[in-house]
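This report concerns only the one structure given below.
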Amino acid sequence: MNRANARPAVFLDRDGVLIASDVVDGVPVPAVDEPQILPGVVEACGLLRDAGFQLVMVTNQPDIARGKADAVEVARTNEHLRVELGLHDVRMCPHDDVDGCACRKPRPGMLVDAAAARGIDLAASVMVGDRWRDIEAGQAAGVRTVLVDHQYVGKQAKAADVIVSSLIEAVPAILQGASDQGEHL
């Protein structure tokens, strides 16, 4: 890929970054009710889009493989978020760990595939997630990482480049990082 023509992206996890997750015993689970866009997300997406970033949602949805979620309903939610937030692309992995696919985070498949399809410069891009799987996927893809830390119990994300409490709080760090890399957005 010709990096001169490539554009940076912000890869966004869905549950816990864009929409609220239910938390049971300190562990996030998909929300049972109608998805609720988290405070500041609409504004954050607008600021990032205006700064020249492609916005790509990358979401693991293993409950499809587990038979706990309907693929049509998940797709409907994803499409609603794409339109509502002005996302450029949505990538979803419907598999569980046992499937051994390349797309399930912490593997970088969704990010790498989106980059190839959309002309994304991974070196100038960022992954924003709320779990260790998101951070490791970003690191494996060669992008900067931002952890939205909800203080979940269980395996913790290691060595995220930035730690924040919400997507809107991440925007200044994302924009500063792009500026530091000499991006002309």
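Bear in mind that the values in this text are calculations on the coordinates, not laboratory data. Keep in mind it's a predicted model, so treat the numbers as computed, not measured. Here the Cβ is made from the backbone with ideal geometry for all residues, glycine too, and neighbour counts use every protein chain on show.
Quick look at the numbers
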quantity	calculated
Cα-based shape type of region 6-141, given that a ≥ b ≥ c are square roots of the gyration tensor eigenvalues and the cut on a/c is 1.5	oblate
Paramagnetic label zone (point 7 Å from Cα along Cα-to-C-beta, ASP50; backbone N under 16 Å) in region 156-173	168-173
Free-standing Cys, the chain [no other Cys Cβ under 4.7 Å]	CYS45, CYS101
Rounded Å value of the spacing that divides the Cα centres of region 4-78 and region 89-134	12
Over the chain, relative contact order from alpha-carbon pairs under 8 Å, at least 6 apart, %	24
Proximal lysines to LYS68, defined as alpha-carbon separation beneath 21 angstrom and excluding residues fewer than eight positions away on the same chain	LYS105
Antiparallel DSSP beta bridges within the chain, percent to nearest 5	15
